[in-house]
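**Student:** The structure under discussion is supplied below as structure tokens; questions concerning it will follow.
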Ligand SMILES: Cc1cc2nc3c(=O)[nH]c(=O)nc-3n(C[C@H](O)[C@H](O)[C@H](O)COP(=O)(O)OP(=O)(O)OC[C@H]3O[C@@H](n4cnc5c(N)ncnc54)[C@H](O)[C@@H]3O)c2cc1C
């Protein structure tokens, strides 16, 4: 009969979840990883800044991770979506979409976050390809290019200050009235920085590679690289449903050992860490 009770169940088998499974499985814990193969970086052709895997496709890195963990008889993987979690006296009951009920003493949420895309035609097609979220992940590849930032307020100042030295021409698309002062941007290399406040309505692209950004008055900006600062939500509702403290930014609150405010419930990776990267997720899972 298939085992359904485990020491630890991990919801999410991407970077944080697989790293946690490796550490726990090697520690002789019986681990079940439940994952529905929907990591946040799935659109990105190349992932950068993770030592020994720089420039590889995200799916190659996760596949290598799964290969590592599935060598251990203590670790099992089921490619199922988790649809419900409840806490009981023994630990947790976890239900997957096929109706299987699993039980565990401890539960790790490594289910990531969901970026909330603006309703701009073409945006989602370009996300992770030519519309990027992080200079440390993808900035080097687009260095020197005329670059747009889709952001306003402190987010625009923060992103512009981070990337001003990567380019000589930076255009901030505030998508409405600017809510910051251009002089607040740290611009040590004197890049030409301008602001366009017209509403962005459409992105024209070829297979995710940006060509033009169109504005409400039908004018356009020819551009091949754009950073965007998006809001996010937790990918699963389980942390909130189980009573975890969620901080004011929307992350699950954890201590240095990734314990949440609920006994025996842990969280690791993007869901509980604003320093978003593969390396940080792996480090968090390993804790
Ligand atoms: C577009 C983009 C590009 C990026 N590029 C880079 C880069 O180049 N370098 C870098 O270091 N970082 C990059 N990042 C950041 C990096 O991808 C994340 O920090 C990392 O993926 C976080 O890992 P995680 O395991 O916490 O979450 P994720 O990788 O998002 O994985 C969460 C996992 O949980 C699973 N899951 C969620 N809900 C359920 C459920 N109900 N049931 C079962 N499974 C579930 C999902 O299927 C998924 O596999 C990028 C991010 C984005 C959005």
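**Student:** Looking at 188, 248, which one is under 19 Å from residue 169 (Cα atoms) and either away from the ligand (no atom under 16 Å from the Cβ) or at pLDDT 95 or above (or both)?
**Tutor:** When all the criteria are applied, what remains is 188.
**Student:** Being surrounded by 15 or more Cβ atoms within 10 Å (Cβ to Cβ) and in a loop (DSSP other than H, G, I, E, B) is the filter here, so list the residues in region 47-75 that pass it.
**Tutor:** Matches in region 47-75: 48, 49, 50, 53, 57, 70, 72, 74.
**Student:** Sticking with this structure for a sec: Criterion first (in a loop (DSSP other than H, G, I, E, B) and over 24 Å from residue 127 (Cα atoms)) does residue 86 satisfy it?
**Tutor:** No; evaluated as a whole, the condition is false for this residue.
**Student:** Restricting to region 111-140, and then to whatever is assigned to a helix (DSSP H, G or I) and in contact (Cβ under 8 Å) with a residue 60 or more places away in the chain, can you tell me which residue is surrounded by the fewest Cβ atoms within 10 Å (Cβ to Cβ)?
**Tutor:** 140
**Student:** Can you name the residue in region 213-229 that is under 26 Å from the mean Cα position of the chain (by Cα) and modelled with pLDDT of 95 or more and, of all such residues, is nearest to residue 143 (Cα to Cα)?
**Tutor:** 225
**Student:** Scan region 187-196 for residues that are at negative phi and surrounded by fewer than 13 Cβ atoms within 10 Å (Cβ to Cβ) and jot them down.
**Tutor:** If the condition is that a residue be at negative phi and surrounded by fewer than 13 Cβ atoms within 10 Å (Cβ to Cβ), then 188, 189, 192, 194 are the ones that fit.
**Student:** Show the residue pairs that are 6+ apart or on different chains and have beta-carbon atoms under 7 Å apart, the first residue being within region 36-55 and over 13 Å from residue 132 (Cβ atoms) and not assigned by TED's automatic domain parsing to the domain that holds residue 129, the second being more than 6 Å from the ligand (Cβ to nearest atom) and in a loop (DSSP other than H, G, I, E, B).
**Tutor:** Final answer for the pair search is 36/79; 36/80; 37/79; 55/46.
**Student:** Can I ask one more? Please go through region 13-34 and pick out each residue that is in a loop (DSSP other than H, G, I, E, B) and in contact with a strand residue (DSSP E or B) (Cβ under 7 Å, 6 or more places away or on another chain).
**Tutor:** Listed by number, the residues that qualify are 13, 29, 30.
The values are calculated or read from the model by the stated rules, or taken from the named source; none is laboratory data. The shown structure was predicted, so the numbers you read here are calculated from the model rather than taken from an experiment. Cβ atoms come from the backbone with ideal geometry, glycine included; neighbour counts cover every protein chain shown.
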